[in-house]
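**Student:** If you scroll down you'll find the structure; I have some questions about it.
The values are calculated or read from the model by the stated rules, or taken from the named source; none is laboratory data. Worth saying up front: this structure is predicted, and the values here are computed from it rather than measured. Heads up: the accessible areas ignore ligands, DNA and RNA and are worked out on the full protein's heavy atoms, side chains in. Shrake-Rupley method; radii C 1.70, N 1.55, O 1.52, S 1.80 Å.
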Amino acid sequence: MRGLIYKDITIFFKGIDKKLVLIAAGAIILLMVNSGVYAGLLASVMLAMTIGIQNIMSFASDEKASWKKYQLAMPVNAVSVVTSKYISVICTLAVSLAGSVLFNLLSSVAFRSFNITVWGVSTAASVIVPLLWTGICLPLTYWFGFHSAQTMGMIVVIPMFYFIKYFEDGVGFSAMTNSILSYVVVAGIAVVILFIISMIISMAGYNRKE
């Protein structure tokens, strides 16, 4: 399985879409400049969205190449193939987490403000968003094709942008209580459960493919 994980991670990095990177970089810069003490949080969410999108795009490449035909000639089973993709997503979380730490550090230094709640929510978002994106879109890829997954991915973008806009407008944490971290913990547990269920559904979808 290590070879499959290496393959998926390699495809992730080699298949990075330059246009997606430019759009994400531009959006992150604008957020860092205009969002004040919440700049690190919003930039973290934007990077996490980008990681999620790139994961789905890299998985689509297997579908386009009719990967299963090659898999049938190799000593690997469907469980290994699907599990490797989910593990590769977990591996790419390192990029999202590192970016979140960097953005929050820059924000804290620039605005001379260290808010542990902002850091906590940023870290959680950098993990939750890619897992949520994959958990929703990867089963669609195996059951209905990558076009349906890409469409759903675009739909998922909408609430994420509303989340960003909510904080950018200055309402954000001023309208929330200190219990936000408890909500984040609940959301994290729910996403982990979704991720596991998603993997099971993906395996069923992969097995039915010819």
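**Student:** At 0.36 nm per residue, and after removing the present C-alpha to C-alpha distance, how many nm does the segment from Val192 to Asn34 gain when stretched out fully?
**Tutor:** 53.6 nm
**Student:** Taking all protein chains together and a probe of 1.4 Å, list Phe12, Phe103 from the most accessible to the least accessible.
**Tutor:** Phe103, Phe12
**Student:** How much length would be gained if the chain were fully extended between Phe13 and Ala94, taking 0.36 nm per residue of separation minus their Cα-Cα distance, in nm to one decimal?
**Tutor:** Going from the current span to full extension adds 27.9 nm.
**Student:** Expressed as a whole percentage, what fraction of the accessible surface of segment 74-130 belongs to carbon and sulfur atoms when a 1.4 Å probe is rolled over the protein heavy atoms?
**Tutor:** With neighbouring chains kept in place, the figure for segment 74-130 is 76 percent.
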